[in-house]
Amino acid sequence: MRAHDSATEPTTIAVTAPPLRADGPAASGTGRPAAAGGPAVAGSLRTGSGAGRSAPGGAGAGADAGPAAAGRPLPARPAPDSRVRGTLLAGLGVVAFSLTFPSTVWGLESFGPWSLVAVRSTLAALVAGVFLLAGRVPPPERRHWAGLAVVAGGVVVGFPLLTTLALRTSTTSHAAVVVGLLPLTTAALAALRTGRRPSRAFWAAAVAGAAVVLGFTFQQSGGAVSRGDLYLFGALLVCAAGYTEGGRLAALMPGWQVIGWALVLCLPPMLVASAVTLSVEPVRPSVHGVLGLVWVAAGSTFFGLYVWYRGMATIGIPKASQLQLAQPLLTLFWSVFLLGETLPLAAPAAAVGVLVCIAVTQRTRS
């Protein structure tokens, strides 16, 4: 339903109907012009996970008002240009994330695992705080802080810490393919959290992509599960929870503010953690170590999550999460190009399978 349809239809009813008291039922329902903020306009302009659905209060607009008046949700599909822009933003976030593991390996040349995570979170929080202050962004509403805490715990602290611990014993290429299960994990948690149910074709393609990644992982590790793998599987769960909650919040506020406030929320404990860990773990400054720290702090943690949440808010959590199926393959490339690791022989076959799954998930209706 278009906004101006909502404005004209109720007004006509108000003129022809018998006079009613200003505080009567008509005043709160169909008799109020939509331009004054009536439910129909609010429902048609509302953004977020409920975007494109009629507001419950709009059911009183009359029998001829269409599906919205009957309480049936309208199709919630973004415009083609918005879908393209959202896909590009989410894809840019995936590229930024794909550099995280190689940068972490570089950072471990100069810092211990605990100090690397603490310092990267502190630096990212300082960057976010500067942007929030420069934009004079007011603090989020109280009801959003619980969700921001989930984002902070999963994306800012949990995932970086668990993957950094895993990379002490696992190669970058091995860790990359394990984390390739993140799209399916994110889609599953998003379905539970939001109540949305993607189509069967979507799930089939997502499971197939995860199976390709999982098979590749076990083929490379000989079927064994190491302590590093356990760290990585834990990282999958906490990161998927952070992505899901962050995607929900990004529909209510700009994506950069979601990650910005989540980082700021972590600043006090991370400042303390940085002071403690830097005094305990040895620090061996090097060019690679400093570059790795700078990227994981400013590139992956702030910029990557900023564009990722913006893209996810536009095209939806399930479809955005499937773009991450390409992340392990990009990380494999960086591991060879930047770290000199040997490319696994099964990588080309896995690349073809994953790209096919991405194409299917992007074409199915979520």
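The values are calculated or read from the model by the stated rules, or taken from the named source; none is laboratory data. All values reported here derive from a predicted model rather than from experimental measurement. Cβ: placed from backbone, ideal geometry, glycine included. Neighbour counts: every protein chain shown. We work out accessible area using only protein heavy atoms, side chains counted, and drop any ligands, DNA or RNA first. Shrake-Rupley method; radii C 1.70, N 1.55, O 1.52, S 1.80 Å.
Per-structure values
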{"item": "Subset of region 250-260 (residues that are open to solvent by less than 30 Å² (accessible area, probe 1.4 Å) and either under 14 Å from ILE315 (Cα atoms) or over 11 Å from the mean Cα position of the chain (by Cα) (or both))", "result": "ALA250, ALA251, MET253, GLY255, GLY260"}
{"item": "Which listed residue is surrounded by fewer than 15 Cβ atoms within 10 Å (Cβ to Cβ) and hydrophobic (A, V, I, L, M, F, W, C), from VAL84, VAL150", "result": "VAL84"}
{"item": "Flag if THR100 is of a type outside the set (D, E, K, R) and either open to solvent by less than 10 Å² (accessible area, probe 1.4 Å) or without any contact (Cβ under 8 Å) to a residue 40 or more places away in the chain (or both)", "result": "no"}
{"item": "Looking only at region 172-208, and only at residues there that are surrounded by fewer than 19 Cβ atoms within 10 Å (Cβ to Cβ) and in a loop (DSSP other than H, G, I, E, B), the one that is modelled with the highest pLDDT", "result": "SER199"}
{"item": "Candidate set: region 275-296, residues that are surrounded by fewer than 24 Cβ atoms within 10 Å (Cβ to Cβ) and among the small types (Gly, Ala, Ser); chosen: the one nearest to ALA176 (Cα to Cα)", "result": "GLY289"}
{"item": "Subset of region 123-144 [surrounded by 12 or more Cβ atoms within 10 Å (Cβ to Cβ) and in a helix (DSSP H, G or I)]", "result": "LEU123, ALA124, ALA125, LEU126, VAL127, ALA128, GLY129, PHE131, LEU132, HIS144"}
{"item": "Count of region 209-230 residues which are open to solvent by 20 Å² or more (accessible area, probe 1.4 Å), over 10 Å from ALA166 (Cα atoms) and of a type outside the set (Gly, Ala, Ser)", "result": "6"}
{"item": "Filter pass, ALA313 being within 13 Å of THR104 (Cα to Cα), within 24 Å of the chain's Cα centre (by Cα), in contact (Cβ under 8 Å) with a residue 60 or more places away in the chain and part of a helix (DSSP H, G or I)", "result": "no"}
{"item": "Total residues in region 140-167, condition of a type outside the set (Val, Ile, Thr) and under 22 Å from ALA298 (Cα atoms)", "result": "13"}
{"item": "Any chance PHE233 is crowded, with 20+ Cβ neighbours inside 10 Å, out of contact with any strand residue (DSSP E or B) (no Cβ under 6 Å at 6 or more places or on another chain), among the aromatic types (Phe, Trp, Tyr) and over 30 Å from GLN257 (Cβ atoms)", "result": "no"}
{"item": "Filter result (among the polar types (S, T, N, Q) and free of Cβ contacts under 8 Å to residues at least 60 places away in the same chain) within region 205-239", "result": "THR217, SER221, SER226"}
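Yes/no matrix, rows are residues, columns are (1) closer than 21 Å to ALA211 by Cα; (2) within 15 Å of the chain's Cα centre (by Cα):
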{"residue": "LEU167", "(1), (2)": "no, no"}
{"residue": "VAL178", "(1), (2)": "yes, no"}
{"residue": "THR185", "(1), (2)": "yes, yes"}
{"residue": "ARG196", "(1), (2)": "no, no"}
{"residue": "SER199", "(1), (2)": "yes, no"}
